[in-house]
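Beneath this line is the structure, given in structure tokens, with notes to follow.
Taken together, the values in this text are just the output of simple stated rules run on the coordinates, not laboratory data. Keep in mind that this is a model prediction, so the values were computed, not measured. No Cβ is skipped: glycine too gets one built from the backbone with ideal geometry, and neighbour counts run over all protein chains shown.
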Amino acid sequence: MTDERVDNPQAEQPTEQPWYAEMVLSPLLAAARAACVGSVRRELAAAGLSDLPPRGPFVVGAMASLDAACTEALTGLHLAPSAQERLLDGLVARGYLAREGSLASTDALVLTDRGRAAAAATRDGVAAVEEALVARVGPEAVASMRATLGALVELGDEWQQESGDAGAASSD
């Protein structure tokens, strides 16, 4: 018996899997995050704001787009208190945040004009990623990815609560 693919070049050839098909999820997520960070960093550099510290785009972006207090903006980062303090000190020292009045509280921190410009550049970087993804894989695939990532976040929250690590912090 002969192999039909050899005798008939028109017959369907086995399709090659994409490079990411068998990749472990963690490094794939890390590489995807790096692509998003790179897009945001390009926009920040174009706006002359390349000194925004790591995790700074998350804070200024959340404060601007969600009209969130600084404490709320930090919640999603899962940083240890000392790392939060270093991040905020860096944002104040570089002019992205300022203290409102004489309060020493984290919620006394407000966006400066420079902070609002960084938030706009961050928003542009994120939008560029989303637009490029829609162009590459279509809106349905992006919506599916968003649902999948949302489910992964929810699983992480559930596992953290089950293990009693609700206060666990990450420094990265």
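To the nearest whole percent, what portion of all C-alpha pairs in the stretch 38-128 is separated by more than 21 angstrom? Roughly 22 percent, rounded to a whole number. Look at the dipole of the stretch 38-128 built from charges on Cβ: of Ala45, Ala120, Ala69, the Cα furthest out on the positive end belongs to Ala45.
Only Cα pairs under 8 Å and 6+ residues apart enter the sum, and on that basis the relative contact order of the stretch 38-128 stands at 43 percent.
Taking packing as the residue-averaged number of other Cβ atoms within 10 angstrom, the listed peptides 130-143, 85-98, 112-125 run from highest to lowest as 112-125, 85-98, 130-143.
Classify the stretch 15-168 from the C-alpha gyration tensor, please: rounded if a/c falls under 1.5, else prolate or oblate depending on whether a/b exceeds b/c. Here the stretch 15-168 falls in the oblate category.
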